[in-house]
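> This structure is in structure tokens; I'll ask about it shortly.
The values are calculated or read from the model by the stated rules, or taken from the named source; none is laboratory data. This structure is a prediction, so every number in the text was calculated from the model and none was measured. A quick note on method: Cβ atoms are made from the backbone with ideal geometry, for glycine too, and the neighbour counts reach across all protein chains shown. To get the accessible areas, we keep the full protein, side chains included, count just its heavy atoms, and leave off ligands, DNA and RNA. Shrake-Rupley method; radii C 1.70, N 1.55, O 1.52, S 1.80 Å.
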Amino acid sequence: MNVSHEWLRALVPHALTPQQVRDLLTMRVATVDELVSLREDLAPIVIGRVVEAARHPDSDHLWVTKVDAGGPEPLDVVCGAPNVRQGALYPFAPVGTTMPGGLKLEKRKIRGQWSNGMLCSARELGLGENHEGILELSVDAAPGTPFLAAVPAGDTRIVVDVLPNRPDLLSHLGIARELAAALGKSASLPAFEGAPASIPSPAEGQREAKAGSVGVRVEDPSLAPRYMGAVVREVKVAPSPTWLVERLRAVGVRSINNVVDATNYVLHEMGQPTHAFDLAKLGGGAVVVRTARKGETLVTLDGVARTLDERITVIADAARPQAVAGVMGGGESEVTDATTDLFVEVAIFDPRRTRAARRALGLSTDASYRFERSIDPELPPAALRRVVSLIVSLAGGRVDGLADVLAAPRKVTPVKLRVARVRRLLGESVPAADIARVLGAIGFQVAPSAGTEMLVGEEELTVLPPSWRGDVVDEIDLVEEVARLIGYDRFPSDLRAARPSAVPDAPQWNLASKLRDELVGLGLYEARPIPFVAGGSGNGHVRVLNPIAENEAFLRRDLLDSLARRAEYNLTRMQGDVRLFEVGNVFSARKEGLPTEETRVAALVMGARRPPHFTESKPPAYDEWDAKAIAERIVRMVYRDARVELAPAGGEVLWAILVEGRSVGRVARVSLDAPVWASPAFGVEITLGEIASDRVAQPGRNAYQAAPGTEQRRHPVYRPIPTTPAVEFDLALLVPEDMHAAVVEEVLRRGAGELLERVVLFDEYRGKGVESGMRSLAWRLTLRHPERTLRDKEVEGRREKLLKTLEHELGIRQRTA
């Protein structure tokens, strides 16, 4: 929302600087993103002091002066103004300045005397029409001070970030109400020049009414809960006065003519979009609010011919559409210099249909932006009178009639607010009188609840939100209002006792938090990219209906794709050591309905495994075994109680990650668009679970479908440090070359039973004593009983049992030589 500081001051007189207004609004209302000085063309102008002034020897109207402009020496300046005097301060434009009118100043001789710049008048600076003398300043500023720093010249645009729940702030009146409450003042609309327009009472109806000779009809009240119109005759369309042009320019709106500018003025002043039709171009003396008929077309004000359909609400005359309701008017009924009679529209349109029309037409306007976020339902009468008064003030004419089509009056639901609830949530006691005061300052009506007699601090208040605050519907909304109006900075910052919630954290949230801790501990950095990729419909990606950018219009199918783009970003900046991970969602298409959404964890590593040590020329680089080790750490955290296997695969996939025989992820080489000096990249991606994407939750179905092996995830169990001794023994086995060590280890773990504490592969040997096609692998097993010392016979028995199991299941035997 663009707000003019001068316009705001017209509604709430104050002496705050734009910077002070920015800070106040950001603290209490909404974040101010930017302050834009609208007179940056005056930036080169400085304060100059005339230290000498004498008549020009060859002219009876010129002066030769010496001006102190903050430099080491005074400058010679020839001046033609009659009011120049020694010792006074003036705006000074040095050589090289481009004046607001486009003139670039150069050092030049005037009647034989050098002039190094110009002492400026108000008109030359665009600050007024006075050109008879230079602008004498009464400011406390040293010579050389920038003019804009010393003189509040021109307007400042305040850019406010208005969130969707506060459409009342999309106007100067809405911002002014908040500012007035903060300053203890009141906000009011300034009066227009000239005699006030004579505006009759409107003709009313639930479906139709007449504005003078024009019949107004709403076919379906859901399209426009309120529709008002006025007929204004005998207007004279002409250019707008300077004050109106400057007001609109301050908020980034181009002046068109006095009638159209009046509608734009009211939109930005009150937040109510209005539209003026050329009455002579509305056929049949009728204005009808209806849905478009299939195949109807309309040339909008931007000159584009648009095909309409039943999703779009239109304003039509007796025969054809003349405007897209809530979005843009039509070119056929546009106000031009030849217009003499107007039909002025002020309405409330359905937000969802306005949004659908805007999307269907690919057309976004200031009006649609406001209608989509809801308009104050009680604003149209005041806005219609305001815009009609301004049109008559600017263009003359007379009001011939008003119509007000209102299906049903607005129902107001009061909200109960317990003072004790405010205290519990804010951690600070706020008296009922203070609550009533701060809420009343922004338009809420506050009274004690009927029939309640309570102790101080236990009162209950009945609060009636104003019509423009449709976002306040519950007690917690009022508590939030009280907090911001009192001021977040006034609450103490000390830590206080808190009661933990009895509701447990979601299992997937706990798991994701633990995974992040684990991966950060391994030296990886978390990435949080947006889930959009270039993709393509032909390769299984799901296209987004309203993408942020067309070059990333599809939902991603895997996390490694996003991490690969982040790695390439680093490589283009000569950073080859990459250690990234992400916990995020991926999407895959379904035949019907929304896509399937899964939560996964992924990691990508490449380059140096650790920082270099001074004793080595180059640290070791990440390889596939590092990626496998990361995968094992992750999968055993996620599927702690399940049977996990990393099975070798082919191609880019190095290992498939299996849980209970089901594939849940992979360890793979990652293909990158990388320079020749880059190291290979390796990635891990593991599925955590599926998120239900149904629009309506199914009975008995959680929103998060846990991955197999995680449904009954237990809390950690803490055990005392063992006090009994452990027993270790080694097994050297002859294993075929094509048999993976993980297969053997799985049999060892299963066969050793509950006493197995640890099994470690510590040696691999090929050579003398080992026949061709075989290799020797040695494991060290650690056994421990929690309550007693193991006997030699028990250990030897388990060892013999293991060897028999290995020979029976895998056909491998112990190496003896």
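> Looking at region 480-491, can you tell me whether even one residue there is open to solvent by 40 Å² or more (accessible area, probe 1.4 Å), touching a residue at least 12 places away in the same chain (Cβ under 8 Å) and touching a strand residue (DSSP E or B) at 6+ places or on another chain (Cβ under 6 Å)?
Checked region 480-491: no residue is open to solvent by 40 Å² or more (accessible area, probe 1.4 Å), touching a residue at least 12 places away in the same chain (Cβ under 8 Å) and touching a strand residue (DSSP E or B) at 6+ places or on another chain (Cβ under 6 Å).
> Under 8 Å between Cβ atoms, which residue pairs at least 6 apart in sequence (or on different chains) link something in region 737-755 that is more than 30 Å from THR789 (Cα to Cα) with a partner that is of a type in the set (Val, Ile, Thr)?
As it stands, the answer is MET739/ILE812; ALA741/VAL735, since those pairs meet every condition given.
> Being in a helix (DSSP H, G or I), of a type outside the set (S, T, N, Q) and modelled with pLDDT of 90 or more narrows it down to one residue among GLU800, GLU754; which is it?
Values: GLU754 fails: modelled with pLDDT of 90 or more.
After ruling out the rest, the residue left standing is GLU800.
> Same structure, new question: Filtering region 559-578 down to residues that are outside any strand (DSSP E or B) and of a type in the set (A, V, I, L, M), which residue is nearest to PRO531 (Cα to Cα)?
First, pick out the residues of region 559-578 that are outside any strand (DSSP E or B): 559-577.
Still in the list and also of a type in the set (A, V, I, L, M): 559-560, 563-564, 567, 571, 574.
Details: LEU559: 8, LEU560: 11, LEU563: 11, ALA564: 13, ALA567: 16, LEU571: 21, MET574: 25 Å.
Step by step, filter region 559-578, then rank; the result is LEU559.
> Separate question: Give me the residue from region 457-482 that is in a loop (DSSP other than H, G, I, E, B) and under 15 Å from ARG424 (Cα atoms) and, out of that set, modelled with the lowest pLDDT.
The first filter runs over region 457-482 and keeps only residues in a loop (DSSP other than H, G, I, E, B), leaving 457-459, 465-474.
Narrowing the set further to residues that are under 15 Å from ARG424 (Cα atoms) leaves 457-459.
Working: GLY457: 61, GLU458: 76, GLU459: 87.
Here the answer is GLY457.
> How many residues are under 24 Å from ARG249 (Cα atoms) and among the aliphatic types (A, V, I, L, M) if we restrict to region 25-60?
Final tally of qualifying residues: 9.
> Right, next: Yes or no: region 649-668 includes at least one residue that is over 19 Å from VAL743 (Cβ atoms), assigned to a helix (DSSP H, G or I) and open to solvent by less than 70 Å² (accessible area, probe 1.4 Å).
No: zero hits.
> Please indicate, with yes or no, whether at least one residue in region 279-301 is of a type in the set (A, V, I, L, M), open to solvent by 20 Å² or more (accessible area, probe 1.4 Å) and farther than 23 Å from LEU384 by Cβ.
Checked against the condition, which is being of a type in the set (A, V, I, L, M), open to solvent by 20 Å² or more (accessible area, probe 1.4 Å) and farther than 23 Å from LEU384 by Cβ, region 279-301 yields at least one hit.
> What number goes with the only condition from (1) part of a loop (DSSP other than H, G, I, E, B); (2) open to solvent by 20 Å² or more (accessible area, probe 1.4 Å); (3) among the small types (Gly, Ala, Ser) that ALA224 does not pass?
Just one mismatch for ALA224, condition (2).
> Another question, then. Any residue in region 73-91 that's touching a residue at least 12 places away in the same chain (Cβ under 8 Å) and closer than 9 Å to LEU119 by Cβ: show its pairings with residues that are crowded, with 16+ Cβ neighbours inside 10 Å and aromatic (Phe, Trp, Tyr) at Cβ separation under 8 Å, as long as the two are six or more apart or on different chains.
VAL77/PHE92; CYS79/TRP63; ALA81/TRP63; VAL84/TRP63; VAL84/TYR90; PRO91/PHE147
> All but one of (1) assigned to a loop (DSSP other than H, G, I, E, B); (2) over 27 Å from TRP625 (Cα atoms); (3) without any contact (Cβ under 8 Å) to a residue 60 or more places away in the chain hold for SER772, so report the exception by its number.
Checking SER772 against (1) assigned to a loop (DSSP other than H, G, I, E, B); (2) over 27 Å from TRP625 (Cα atoms); (3) without any contact (Cβ under 8 Å) to a residue 60 or more places away in the chain, the one that fails is (2).
> Just to be sure I understand, how many residues within region 759-787 are farther than 17 Å from VAL743 by Cα and open to solvent by less than 80 Å² (accessible area, probe 1.4 Å)?
We begin by selecting, within region 759-787, every residue farther than 17 Å from VAL743 by Cα; these are 765-773, 782-787.
Those left that are additionally open to solvent by less than 80 Å² (accessible area, probe 1.4 Å): 765, 767, 769-770, 773, 782-785.
Selection size over region 759-787: 9.
> Quick check on my filter: what residues within region 23-48 are over 20 Å from TRP243 (Cα atoms) and open to solvent by 80 Å² or more (accessible area, probe 1.4 Å)?
Matches in region 23-48: ASP23, MET27, ASP33, GLU34.
> Between a residue in region 347-358 that is open to solvent by 30 Å² or more (accessible area, probe 1.4 Å) and any residue that is among the small types (Gly, Ala, Ser) and part of a helix (DSSP H, G or I), which pairs come within a Cβ distance under 6 Å, given they are 6 or more apart or on different chains?
ARG358/SER368
> Given (1) open to solvent by 20 Å² or more (accessible area, probe 1.4 Å); (2) under 30 Å from THR313 (Cβ atoms); (3) not β-branched (Val, Ile, Thr), where does GLU234 come up short, assuming only one miss?
Condition (2) is where GLU234 drops out.
> Right, something else. I need the strands (runs of 3 or more DSSP E) fully contained in region 92-197, keeping only those with at least 3 residues that are open to solvent by less than 40 Å² (accessible area, probe 1.4 Å).
Working: elements: 108-110, 113-115, 156-160.
Those strands (runs of 3 or more DSSP E) span 156-160.
> Find all pairs meeting these conditions: Cβ atoms under 6 angstrom apart; at least six residues apart or on different chains; first residue within region 597-625 and farther than 17 Å from LEU522 by Cα; second residue of a type in the set (A, V, I, L, M, F, W, C) and not in a strand (DSSP E or B).
Pairs that qualify, where the first residue is farther than 17 Å from LEU522 by Cα and the partner is of a type in the set (A, V, I, L, M, F, W, C) and not in a strand (DSSP E or B), are ARG600/LEU559.
> Go through region 515-550 and report how many residues are among the β-branched types (Val, Ile, Thr), open to solvent by less than 30 Å² (accessible area, probe 1.4 Å) and either assigned to a helix (DSSP H, G or I) or more than 20 Å from GLU568 (Cβ to Cβ) (or both).
Going residue by residue through region 515-550, those that are among the β-branched types (Val, Ile, Thr) are 520, 530, 533, 542, 544, 548.
From what is left, the residues that are open to solvent by less than 30 Å² (accessible area, probe 1.4 Å) are 533, 542, 544.
Of the ones still in play, those that are also either assigned to a helix (DSSP H, G or I) or more than 20 Å from GLU568 (Cβ to Cβ) (or both) are 542, 544.
Within region 515-550, residues that are among the β-branched types (Val, Ile, Thr), open to solvent by less than 30 Å² (accessible area, probe 1.4 Å) and either assigned to a helix (DSSP H, G or I) or more than 20 Å from GLU568 (Cβ to Cβ) (or both) number 2.
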